[in-house]
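Report on the structure given below.
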Amino acid sequence: MKRFILLILPVVLFYHTAYTQFIVSFSQINIGCPDNCDGEVKAQGIGGTEPYHYDWKSARTNASNSSIAINLCEGLYQMSVTDANGFKVDTSVFVNVHQAPEIEITSDIGDLWYIQDPSGQFFYENPSDDTSPLEGWIWDLGDGNTSFDRFPQHTYEQVGSYDVVFTANYKTNCDVSVTYSIDVKTVKLLIPNVITPNGDGSNDIFIITQDSQNNDSQLFKSTDTHLKINDFYISNKLTIFNRWGQKVFQQKNYLNDWNGDKLPDGVYYFVLKCHGEFEDDVFKGSLTILGANQ
């Protein structure tokens with residue numbers, strides 16, 4: 001007779017609750033200006049169980065809708081979203097801003113102007129015009145005057161330093177400002193770097209005068225009539241040194257009358273100090289004497 005043994009095994013039931021991880025999508029509501037930090041981004045949980053809780057970490061949120069972050073500058077922002085079941089997603093979003101145009105400012109004179117002819121014109125160039133075209137602009141010319149002209153012509157009435165500020169408007173009221181600094185000086189002096197006191201009547205004398213378009217060379221005849229230094233300044237003092245630093249000539253209110261005093265040929269150095277109505281200027285340089293012994 002065969003015997004059968006019946007084994008009764010416990011049955012364990014496994015219950016598994018399936019859950020699909022939800023995702024977070026973003027939409028940028030407002031693309032702000034670079035310096036204004038006025039960007040806005042909206043987050044939206046998808047696939048989880050509503051309602052969602054939005055935590056924007058360090059960013060400010062809309063008072064009535066926490067899914068919207070406000071006052072955003074350009075950059076990466078961390079945030080997290082938690083659904084009604086307590087499942088949480090940590091994520092981040094990069095906030096874009098309008099790219100500012102690349103403005104370049106120049107003038108037809110350069111950044112050094114002179115009060116004898118203090119008129120010039122300013123220009124701007126926008127190399128990024130294809131991506132960031134300008135919608136409007138204003139020039140602050142630094143002396144209390146402004147202009148809405150595209151390329152303004154302007155005259156300065158006093159010597160000094162001026163900051164010319166060009167402010168442009170582009171893309172939804174974004175602004176960009178560029179500063180161009182100029183100096184308006186008393187006079188541009190033409191100071192020769194060589195004299196030839198050989199008695200031929202040409203370039204015998206150390207003549208300092210105004211640099212202008214009429215002076216196309218540094219060769220002056222001793223009989224020429226030139227504007228003197230004190231035609232532009234209240235007073236001046238000229239000092240000349242040899243290469244060892246010894247003073248070989250000095251004159252207050254120099255009158256364009258020094259012929260080298262029969263000094264030997266060589267390189268000398270001058271310092272011209274000028275006292276003006278609006279400012280003081282100092283000019284320094286070298287002077288070569290040639291043919292003094294001929």
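Please report the relative contact order for the chain, taking Cα pairs under 8 Å with a sequence separation of at least 6, and give it as a percent rounded to a whole number.
Working: 627 pairs, mean separation 31.4, N = 294.
Relative contact order comes out at 11 percent.
Given bins 5 angstrom wide, list per bin the percent of all Cα-Cα distances in the chain, short to long.
In order of increasing distance, the bins hold 1, 4, 8, 9, 8, 7, 6, 6, 6, 6, 5, 5, 4, 4, 4, 3, 3, 2, 2, 1, 1, 1, 1, 1, 1, 1, 0, 0, 0, 0, 0 percent.
Under 10 Å from the Cβ of LEU272, count the other residues' Cβ atoms, weight Lys and Arg +1, Asp and Glu -1, and hand me the total.
Values: positive: LYS237, LYS273, LYS284; negative: ASP281.
Neighbourhood net charge equals +2.
Along the principal axes of its C-alpha atoms, what lengths does the range 46-161 span, in descending order and rounded to whole Å?
80, 28, 21
Using 7 Å Cα-to-Cβ label points, what is the LEU263/PHE283 separation (nm, one decimal)?
Those two pseudo-labels are separated by 1.6 nm.
Would you work out the Kirkwood radius for the range 189-289? I mean one over the mean of 1/r across all pairs of different Cα atoms, in Å.
Numbers: mean 1/r = 0.0717 Å⁻¹.
Kirkwood hydrodynamic radius for the range 189-289: 14.0 Å.
Applying 1/(1 + (r/R0)^6) with R0 = 25 Å to the Cβ-Cβ distance of GLU102 and ASN65, what FRET efficiency is obtained, to the nearest 0.05? The partial results should precede the final answer.
Numbers: r = 37 Å, r/R0 = 1.47.
Calculated value: 0.10.
If R₀ is 41 angstrom, what is the calculated FRET efficiency for the pair ASP200 and LEU112, using the beta carbon separation as r and rounding to 0.05?
Details: r = 35 Å, r/R0 = 0.85.
That gives a FRET efficiency of 0.70.
Per-residue HN-Hα couplings for the range 271-283, Karplus 6.51 cos²θ - 1.76 cosθ + 1.60 at θ = phi - 60°, whole Hz, x for Gly and Pro?
10, 10, 9, 10, 9, x, 5, 10, 7, 9, 10, 10, 10
Once you put a point 7 Å from the Cα of THR167 and another 7 Å from the Cα of ARG243, both along the Cβ direction, what distance in nm separates them?
5.7
What is the Rg over Rh value, at two decimals, for the range 23-95, using alpha-carbon atoms and the Kirkwood definition of Rh? List each step's numbers first, then the result.
Working: Rg = 12.1 Å, Rh = 12.3 Å.
Over the Cα atoms of the range 23-95, Rg/Rh equals 0.98.
Between VAL178 and LYS57, how many nm apart are label points set 7 Å from Cα along the C-beta direction?
According to this spin-label approximation, the distance is 3.6 nm.
By how many nm would the segment from GLN78 to ASP149 lengthen if fully extended, with 0.36 nm per residue of separation less the alpha-carbon distance?
21.0 nm
None of the figures in this text is laboratory data; all of them are computed from the coordinates on show. On a predicted model such as this, the values are computed, not experimentally measured, just so you know. Every residue, glycine among them, receives a Cβ derived from its backbone with ideal geometry; neighbour counts consider all protein chains shown.
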